[in-house]
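Working notes, beginning with the structure itself.
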Amino acid sequence: MFNKNTLLISSLIVMLLLSSCTLGQAAEPTPTEVDVNAISTAAAATAFAQLTEIAGLASPTTPPTNTSQPSPTLDAAAGTPTISVEIQITAQPEITITPLGLGTLAPVPGAGVPTLTSIPTQSSTGGQPVVTCNNFAFVADITVPDGTVFKPAEKFTKVWRLQNTGTCPWDHGYVFKWVAGAGMGSNNSYAFNDTNRRVAAGATADVDIFMFAPDQEGEYTGNWTMFNDQGQQFGYWVTVNIKVQK
């Protein structure tokens, strides 16, 4: 009996001692969940409020305005300025050009620019004769009319009938020879040294030249004319025109 009571009293005393040890200690707090979005929203609101306060303290600056420049004015008493310009016009002189063997270039009245009034053509007709000491005109092709067909290297004799339309006779020193185009015997010429070949003013003569056709096929034209006893060319050109075919 004694032992049971003693054990019960001892247990009560131990329990009281343990209770007195935990009475002065604070209760352990319970952890609370943190709302991150709420914290971010609060921080942004605080920053906006601070910026608004700073902006209110700053003094507004008025933007500069453009200032119009004063426009220059003319003094009415000075009058309107006058500019004088002196222009000199020099008349262009009339020009007359006479190329060798190509007629005369006559100026247009008031224009000062010459225009071509007469150009002789290089043809068998020889053009219109001009009365000078030395001149001639084509009369006819006695042989080998234009376009005559020959074989390559074929020989032939070309004869022109010419008239002395000048006032001087063709005699010693006068010669008819090649001047341009296809040669076809350009080394040959017709001299008037022989008394029988003398051509008086107004007379005609049959002038013959020995020739040969070129070796290659094609159409060929040679130009011939007169030279006086001073070696000067006169008159128009006459031609020999042939075709070479095999």
### Query
Given PHE156, PHE192, which one is free of Cβ contacts under 8 Å to residues at least 24 places away in the same chain, under 20 Å from ALA140 (Cβ atoms), of a type outside the set (Ser, Thr, Tyr) and out of contact with any Leu (no Cβ under 7 Å at 6 or more places or on another chain)?
PHE192
### Output for the range 133-155, where each listed residue is of a type in the set (Asp, Glu) and either within 47 Å of the chain's Cα centre (by Cα) or surrounded by fewer than 15 Cβ atoms within 10 Å (Cβ to Cβ) (or both)
ASP146, GLU154
### Message
Return the pair list, or none, for Cβ contacts closer than 7 Å from residues in the range 218-246 that are over 15 Å from GLN163 (Cα atoms) to residues that are acidic (Asp, Glu), at least 6 apart or on different chains.
### Response
ASN241/ASP146; LYS243/GLU219; VAL244/GLU217; GLN245/GLU217; LYS246/GLU217
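Residue by residue, here is whether (1) within 22 Å of ASP229 (Cβ to Cβ); (2) of a type in the set (A, V, I, L, M, F, W, C) holds:
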site: VAL131; (1), (2): yes, yes
site: ASP141; (1), (2): no, no
site: PHE156; (1), (2): no, yes
site: THR165; (1), (2): yes, no
site: ASN188; (1), (2): yes, no
site: ASN193; (1), (2): yes, no
### Message
Being closer than 16 Å to GLY173 by Cα and more than 45 Å from the chain's Cα centre (by Cα): is that true of ASN187 here?
### Response
no
### Task
Say whether the condition of being surrounded by 14 or more Cβ atoms within 10 Å (Cβ to Cβ), under 42 Å from the mean Cα position of the chain (by Cα), modelled with pLDDT of 95 or more and in a strand (DSSP E or B) is met by at least one residue in the range 229-237.
yes
### Message
So the check is Cβ under 8 Å with 6+ separation or different chains; which pairs have a first residue in the range 167-179 that's assigned to a loop (DSSP other than H, G, I, E, B) and a second one that's of a type in the set (Asp, Glu)?
### Response
ASP171/ASP229; HIS172/ASP229; GLY173/ASP229; TYR174/ASP229
### Message
Any residue that is touching a residue at least 40 places away in the same chain (Cβ under 8 Å), over 23 Å from PHE156 (Cα atoms), among the aliphatic types (A, V, I, L, M) and not in a strand (DSSP E or B) - is there at least one of those in the range 208-215?
### Response
no
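The values are calculated or read from the model by the stated rules, or taken from the named source; none is laboratory data. Remember, it's a predicted structure, so these values are computed and weren't measured experimentally. Note: ideal-geometry Cβ built from the backbone for every residue, glycine included; neighbour counts use all protein chains shown.
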